[in-house]
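Each remark here refers to the structure printed beneath this line.
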Amino acid sequence: MGKIWHLPENLRLKIAAGEVIESPASVVKELIENSIDAGASSITVEIEEGGLRKILVRDNGEGISREDLPLAVERFSTSKLKSEEDLTKIHTLGFRGEALASICAISKMKITSRTEDGEGSSISCSEGRIGAPISAPHPRGTTVEVRDLFFNLPARKKFLPSVSSLFREISKVFQHAALSRPDIHFTLIKDGRELANYPPSRSLKERIATVMGREFLDTLMEIRAQAGVFSLRGYASRKGMGRVRPTQIFFLNARPIKNRELSIALNNAYTGLLEKPKLPDGIIFIEAPPETYDVNVHPSKREVKFRDKKAIFHVFSLAVRGWKTERTPVFSGISEVQTQYIPDQREVPSSQAPPITFTEEPGETLTEEKVRIVGQVKNLFIIAEDDESLYLIDQHNAQERVIYERLRKEGGGTNPLLIPVVLDLREEDIGLLSEKAEELRRAGFDFELLSGGSVIIKGIPSVLPEGEAEAAFVEAIRGKEKVLATISCKASVKRGQPLPFELMKTIVKQLFQLENPELCPHGRPTMIKISWTEVARLIGRKEV
C-alpha cells in the first residue's frame, strides 16, 4: 500500500483557512477590505470576546445579489480577477477569492445582503458546508456575522493570546483601515459598547487627529514627494521630535502593508535630523503602479515586495528633506518618469534668515510685571521683554518647570486608555515599581501589576501625550530622576518645535507666576535675564 494519499476536503479547507485567517484580526481585516471594495461609505465593526464569540461587519456598499451569495463563499471565486494578466493590475484590496471561504471553514458564518435594485437575501455556512439562500430584509449593503471562530480547531484556539490581546490586534486593524480611508465613516463596538466613531474627515490630517490624537499630530509635519513612478505623501516626525519606540504605518495604494524596506527608508531619511536612539513616527501613503510591486508574497496580502528598492529610498529622502504644507494633500496622476524636489519653505539659508520669527501678536502684555512676548528663535528659545530686562527662555525647560510644579502641588489627572497597554518588565523593575508606585499614581498613571512580571497601564497622566506613555512609564521606573521630573520632561514641548503665540504666552505667563522659576526640575536654567542697562553697555550705548 502506498504512503501518499489525498487529504479529506474538510482538512484541506482548514489548512488553507489557517494560512489566511491567523486570528480574529485577520477576519476583521478581510471583511473591512471587502466592504471598502464594495464602495461602502459607512462600515461598522462589532466584536465580542476578542472576536472569538462574534465578529460582525456591516456596510452600505453595493451589496451581493441572491444568485451570487453561494459563489461568494466558495474558494477561488471573485469578482475582481478574470485573467492571469489581471494579477499585475490589481487595484482592489481583495482579489484571491479565499477570505469568505476560509472564514466559513473555521466558524459559523452568516451573510445578509441586498443590492440597490434587488431583494434582501441571507446565506449561512460552516465547516465548508454552504446552505441555500433565503429571503431576509436588509438595507442596501452587506452584513457578515462570524460566530465561534476556530470552534473546530481547538489546537489553534488553545495557542491564541488573551482576549484583551486579540482585541488590541483588532483595534489596530480598525485604526489602520480608518486612516487609509478618511472619507469613510467607521464605527467600532466592543461587547455592546461603542468605543470609536470616526465620521468622514475632510483630510488625512483631520483623520489622524481623530484616530491618533491631536497631541500625536502636533509632533508631525506633512511630507510629500514624487520620484519616478513612486508618489509619496503623509505625515512624519518634525525634525528633532522622534521617539525610541515610534509609530510607523505604511499604505500602498491605500492598502495597509508591512515592508521592512519602507521602515528602513523612513529611518534613513531622518539621518542627522534626530538624536539617537530616536526614530521618526510616520503615517505614510505610497502610490505606485501595480506592476512595480508584488502583493502575493503572503496569503494575508499584508507584505509586499518592491522591484526598485533604490527608488523607494530616494522618494523618502526627497519627502523628508523637502517639505511643503497644503491644506488637503491630493495625489496627482503618475504619467511620466520624473524627480520632483519640493523645497522646505521653513528653511532659509543662514545668511538670509531673520534672527527672530515674529508672532501674530507681538508685544502683548502677559503678566502684572509687563512681560511681553517678542517671538521665537531657532524653534528652541522664546524671546520676551519687560521694561527692565530682556529674557531668553528655553521653551522645553520652562514648560517642564511649570508642569513639574503643578504635578507636585496638585497631582495629575488621568486619561483612561481606549486600549490598555501591557508592558513586560525586567525582574529588577518589579522592585523599583513598588518603590515608585505612589509617585506614578500621583502623576496620573492608572496601572496594575500582573503575574509573570507584566504591568497593564489603563490610564496615563492627562499632561502626557499618549505616544510618550510607555517610554515615560519605563523611564520613570528605571531612571535616577524623580518620577514627576520624568513625566514633566516627556509632557513638555520639544526642542525644534515651532510654537503658536498662544502657547508661548501661556508657558511664559505660568513660568513667571512660580515662586522659583529659574531652574527646571533637573537643575538646568529655564532662562537668561539680561538688563537693558547691560545690553546697552555690551553694544556701546549709554541706554537702550
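Annotations
- Any hit, the stretch 402-411, residues being within 28 Å of Arg168 (Cα to Cα) and either among the charged types (D, E, K, R) or not assigned by TED's automatic domain parsing to the domain that holds Lys494 (or both): no
- Single match in Ile249, Ile264 (criterion: under 22 Å from Arg307 (Cβ atoms) and among the hydrophobic types (A, V, I, L, M, F, W, C)): Ile264
- Some residue of the stretch 209-223 being surrounded by fewer than 21 Cβ atoms within 10 Å (Cβ to Cβ), under 15 Å from the mean Cα position of the chain (by Cα) and aromatic (Phe, Trp, Tyr): yes
- Residue that is of a type outside the set (Gly, Ala, Ser), modelled with pLDDT of 90 or more, under 16 Å from Arg406 (Cβ atoms) and outside the structural domain of Arg245 (by TED's automatic domain parsing), where the choices are Lys490, Lys505, Lys509: Lys509
- Sole residue being outside the structural domain of Tyr404 (by TED's automatic domain parsing) and not small (Gly, Ala, Ser), chosen from Arg541, Arg524, Arg478, Arg495: Arg541
- Scanning the stretch 116-160 for residues that are of a type in the set (A, V, I, L, M), under 27 Å from Ala196 (Cβ atoms) and either out of contact with any helix residue (DSSP H, G or I) (no Cβ under 7 Å at 6 or more places or on another chain) or part of a strand (DSSP E or B) (or both) yields Val144, Val146.
- Counted residues, the stretch 521-538 - those being of a type outside the set (A, V, I, L, M) and farther than 30 Å from Lys482 by Cα: 5
- Lone qualifier among Arg401, Arg406 - being basic (Lys, Arg) and at pLDDT below 90: Arg406
- Residue selected from the stretch 253-278 under the condition of a type in the set (Lys, Arg) and not in a helix (DSSP H, G or I), by the criterion modelled with the highest pLDDT: Arg255
- Selection count, the stretch 481-522, where residues are touching a Lys or Arg at 6+ places or on another chain (Cβ under 7 Å) and without any contact (Cβ under 8 Å) to a residue 60 or more places away in the chain: 1
- Count of residues meeting criterion [among the aliphatic types (A, V, I, L, M) and without any contact (Cβ under 8 Å) to a residue 24 or more places away in the chain] in the stretch 523-544: 4
- Test: residue in the stretch 192-215 that is in contact with a helix residue (DSSP H, G or I) (Cβ under 7 Å, 6 or more places away or on another chain), of a type in the set (Gly, Ala, Ser) and closer than 23 Å to Lys494 by Cβ: yes
The values are calculated or read from the model by the stated rules, or taken from the named source; none is laboratory data. Bear in mind that the values here come from a model prediction, so they are computed numbers and not experimental data. In this analysis, Cβ positions are derived from the backbone assuming ideal geometry, glycine residues included, and neighbour counts consider all displayed protein chains.
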